[in-house]
Amino acid sequence: MAHMNIFESDPFSTVTMTDALQRVDFQPTMIRSLINFTPVPIRNEFVSVEERDGTLSIIQTSERGAPPEKRGPTEKRKLRVFKTPRITKQDTITASEVQGIRAFGSETELMQVQAEVARRLNGPVGIMRDIEMTWEHMALGCINGVVLDADGSTIYDYFVEFEQATPAVVSFDMSASDGSLREACVNVAREVAVAGRGLIRPPAGDTPWLTALCSDAFIDALMKAPEVRETYLDTSRAQALLAGSAYGNSLTIGPIRFVNYRGSDDGATITIPDGDARLVPNNAPGIFQVAYSPFESFDYVNTPGLPVYSMIVPDPSGRNMFVDVEAYSYPLFMCRRPEVLRTLRAA
């Protein structure tokens, strides 16, 4: 049978296990696949964000030979410091759970124990699935402007942190057929571009540069809106109205691509409120970031942070009755320009 001190071998060292975990493909999640969260590995547990609020002004004309107009104090700076949160989970493998593994050879025994550890980490209900779900929850918090903890408490309210007022909800009249739906899309796009203050540069042409992550009720109402149906009728886009795949539906109106968002299956843990949509800019560098701090171990002191770490912890009593499989992550999902976020609501 397997012997418990097999976990003291190199394949189960913290460095080796973390390296192996990095090479396993993570399950794709919709928000992080649609929105570019720029990864920022850091060497400590704090992130500093410097804000420069520059004001542009028109220069008064003057006569040749006159002294230039002196520039006033138009640029204000402010430094904010954020601490990366810590998320971790543990699973226990007992001696009785591996005693049925017959040791035909040390290599075979090692491989079977490795497979069990991998299942606890990356299996369908492994620790990594919960960590990835937590990442998705934090990413959703970013596009809401408020990142929440599992108990509902606030980790960071970026509207408060960056001293920005929460934008008003934008109402979409789904019953109108007079062009007001497209007008609402264009108007809210203008708002976002202006709020971005040069960081957001809409592309030329008809390429959508905003994404609206929609609840089921919002996308369903949009699909049935008279203005949408009349516009798409007898065009190459008509097929989009007939698409019946759940969570595969998407529509483009002006600068906005509307996508049906699927959250957690319970409809409550990770979700967009029914009838709402969350509007965010595409590929806007610097707006959305995720900083990773290093593991709290001497093995990783002053090294750039990785998304996730894993380790084996033996039975501390010395009885060798179990080992704990643990995974750690230190991510700070950030929205550095919350003023560009908008909530859309089906009226």
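Taken together, the values in this text are just the output of simple stated rules run on the coordinates, not laboratory data. What you are looking at is a predicted structure, and each value in this text was computed from that prediction instead of being measured. All Cβ positions, even for glycine, are placed from backbone atoms using ideal geometry, and neighbour counts span all protein chains on display.
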Run through the stretch 245-343 and list the trypsin sites (Lys or Arg not before Pro) located in a DSSP loop whose Cβ has at most 14 other Cβ atoms within 10 Å. Arg319
If you plug each phi of the stretch 146-159 into the Karplus form 6.51 cos²θ - 1.76 cosθ + 1.60 with θ = phi - 60°, what whole-Hz ³J(HN,Hα) values come out, in order, with x for Gly and Pro? 9, 8, 10, 7, 4, 8, x, 6, 8, 7, 9, 9, 6, 5
Of all GluC sites (Glu not before Pro) in the stretch 241-339, the ones in DSSP coil with at most 14 other Cβ atoms within 10 Å are Glu296
HN-Hα J couplings of the stretch 218-223 from phi, Karplus 6.51/-1.76/1.60, θ = phi - 60°, integer Hz, Gly and Pro as x? 5, 5, 5, 5, 5, 4
How much net charge surrounds Ile93 when only the other residues with a Cβ under 12 Å from the Cβ of Ile93 are counted, with Lys and Arg +1 and Asp and Glu -1? -4
Residue-wise HN-Hα coupling along the stretch 321-336, computed from phi with Karplus coefficients 6.51, -1.76, 1.60 (Hz; x: Gly, Pro): 8, 7, 10, 9, 9, 10, 10, 10, 8, 10, x, 10, 7, 10, 10, 7
